[in-house]
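Report on one structure; see the data block that follows.
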Amino acid sequence: MKMKIKLDFNNMMTDFIGEYGIAEGDITKIYDKIEAAKKAMVTKRANGKMDWRDLPYNQNEVVEDIIGYVNEIKDDMDAFVVLGIGGSALGPIAVQQAINHPYYNELTKEKRGGYPKLYVADNVDPERLTYLFDTIDITKCLFNCVSKSGSTSETMSQFMIIKEMLEMKLSKEEAAKHIVCTTDRENGNLIKISKEEGYKTFFIPSGVGGRFSELTPVGLLPAAMCGIDIKAMLEGAAFMDELSEEEDIYKNPAYMYAILSYIAMEQGRNISVMMPYADSLKFISDWYAQLWAESLGKKFDTDGKAIFSGQTPVKALGVTDQHSQVQLYTEGPFDKIIVLLGVDKFKETITIPKIYGEIPSLGFLGGITQNQLIKTEQMATEYALLKGGKANMTITLPEVNEFTIGQLLYMFEVATAFAGELMNINAFDQPGVEEGKNATYAMFGRPGYEEKKAELDARPSKIDKFMI
Ligand code: PA5
């Protein structure tokens with residue numbers, strides 16, 4: 001039997017948490033909206049407006065190409081360095097951390113199964129990039145420049161720095177073997193450069209946006225380069241895709257997740273905390289934060305009406321944040337929902353020794369496992385939230401593996417798209433991000449951004465009194 005992740009939303013409901021919960025009647029009340037959203041999902045998929053939904057099925061050739069390339073090159077490379085940001089960085093980090101050893105890079109190559117180390121450059125920070133060069137020998141690294149647009153300043157600046165460094169140490173031809181690009185098949189600078197320089201290239205399907213691209217070569221190449229079974233990831237996504245086709249919302253975890261989140265937003269709960277009870281899932285929250293925030297945080301609905309929508313994602317970690325944020329979650333305002341991510345079976349088991357039996361406050365720990373401790377603390381937090389009347393739900397992975405991670409990522413993607421339909425917004429654009437990108441270009445005087453520069457120059461000057 002296939003391993004299925006499970007959504008438990010009992011504690012979202014009034015039956016359990018009372019006044020600040022959701023009644024089944026609240027779901028019935030928006031029946032028409034739900035039906036319209038379901039229809040829109042079907043129509044958009046059929047009309048090629050949700051190409052990311054085909055990814056579990058249409059990539060056999062791409063997957064073979066990736067695996068072939070990895071096998072051909074992995075022995076020659078000590079490290080694989082992803083140059084990318086946002087949708088091009090968060091997925092690779094989340095999947096690597098979920099599936100592989102937490103100290104993967106510190107293991108010997110043999111213990112890594114012969115695969116290179118993984119680094120994701122992500123941010124532009126002169127210190128971090130400089131210090132990366134202290135730890136790697138660039139002539140033994142493969143750099144994966146990932147950019148759909150091919151114009152993202154952060155990624156392209158890293159690429160330009162690294163290209164020059166490689167070409168200072170190696171012949172142009174040799175240097176090219178250390179660069180692989182993932183970008184749009186036709187548009188943008190990166191495909192143009194790749195063709196001119198002869199770089200190996202993988203493609204992001206044109207209809208798939210950054211934050212929905214983890215199951216394209218954006219995520220599949222770095223994963224395969226670290227020995228992760230990408231076929232199983234896609235199988236997990238396909239499994240969740242079938243569940244997401246279920247008409248009955250009580251059998252469709254992605255739709256139900258979206259519906260509950262939507263109703264919670266309508267009730268004023270504008271914060272969504274994701275709290276995994278497993279270090280392996282810690283960075284799933286980072287990936288999810290982008291997906292949820294960038295997709296649903298919108299000024300206008302699809303009719304052009306200003307609605308200022310969205311739910312702020314907050315990242316937490318169980319049990320660590322029991323000693324930090326949970327006090328606020330249990331006793332603070334009713335402005336959030338809390339999503340716990342749990343794991344039934346960890347890859348390892350550690351038993352706490354039976355010592356200090358004479359000290360009751362320690363003795364009870366003797367003989368139990370850390371596995372039991374983390375799970376029990378998760379249940380205890382769930383209880384504390386319930387007692388506080390705080391809306392929470394739990395998603396449980398039977399195990400963290402490629403199949404369940406594929407399911408989880410895909411479930412959140414469908415949930416995000418479905419929430420977008422319920423909210424009547426475009427979940428796939430990011431005009432607010434573009435604004436910041438364009439302002440950066442204008443400040444640097446990039447040709448074509450003169451009007452934006454004039455707009456920026458006209459902004460009010462800062463007042464000294466307000467800077468202390
Ligand atoms: O979701 C998105 O579209 C963004 O977060 C992008 O992934 C991010 O801005 C990077 O863009 P690009 O892949 O074009 O470099």
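The table that follows gives values for the structure above.
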| quantity | calculated |
| --- | --- |
| Additional length obtainable on full extension of the chain from ASN426 to TYR383, 0.36 nm per residue less Cα span | 11.8 nm |
| Mean Kyte hydropathy of -1.0 or more with a Cα span along the axis of at least 27 Å, helices from DSSP in the chain | 402-423 |
| Farthest positive-ward along the chain dipole, Cα basis, beta-carbon charges - from THR396, ALA442, ASN105 | ALA442 |
| For the chain: accessible area per residue (Å², 1.4 Å) | 48 Å² |
| Computed FRET value (nearest 0.05) for ASP301 with LYS6, which takes r as the C-beta separation and R₀ as 35 Å | 0.60 |
| Candidates per trypsin sites (Lys or Arg not before Pro) in region 418-468, loop by DSSP, up to 13 other Cβ within 10 Å | LYS462 |
| Region 1-71: Rg to Rh, with Rh as the Kirkwood radius over Cα pairs | 1.21 |
| Relative packing of peptides 44-57, 148-161 - highest average C-beta neighbours within 10 Å first | 148-161, 44-57 |
| Amide H contacts under 5 Å for ILE204, placed H, 5+ residues apart | THR183, ASP184, ARG185 |
| For region 53-230, the Rg and Dmax computed from alpha carbons only, in angstrom | 14.9, 43 |
| The chain, accessible surface, carbon-and-sulfur percent (1.4 angstrom probe) | 54 percent |
| Mean Cα-pair separation over length for the chain, i.e. relative contact order, pairs under 8 Å, 6 or more apart, % | 22 percent |
| Cα gyration tensor category, rounded, prolate or oblate, for region 264-337 with a/c compared to 1.5 | oblate |
| The chain - mean residue ellipticity at 222 nm from DSSP helices (-39,500 (n - 2.57) per run, n ≥ 4, rounded to 500) | -14000 deg cm²/dmol |
| Loop trypsin sites (Lys or Arg not before Pro), region 208-305 (other Cβ atoms within 10 Å of the site Cβ: 15 or fewer; DSSP) | LYS299, LYS305 |
| Charge dipole (debye, nearest 20) of the chain; +1 at Cβ of Lys and Arg, -1 at Cβ of Asp and Glu | 380 debye |
| Farthest positive-ward along region 53-230 dipole, Cα basis, beta-carbon charges - from PHE212, CYS181, ASN71 | PHE212 |
| Principal axis dimensions, largest first and in whole angstrom, of the chain by Cα | 67, 61, 57 |
| Inter-label distance for TYR31 and LEU373, nm, one decimal - labels placed 7 Å from Cα along Cα-to-Cβ | 5.1 nm |
| Region 53-230 - charge dipole about Cα centre, Lys and Arg +1 at Cβ, Asp and Glu -1, debye rounded to 20 | 160 debye |
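The values are calculated or read from the model by the stated rules, or taken from the named source; none is laboratory data. All figures in this text were calculated on a predicted structure; none of them were measured in a lab. Glycine also receives a Cβ, built like all others from the backbone with ideal geometry; neighbour counts cover every protein chain displayed. Note: accessible area is taken over every heavy atom of the protein model, side chains too, but ligands, DNA and RNA are not part of it. Shrake-Rupley method; radii C 1.70, N 1.55, O 1.52, S 1.80 Å.
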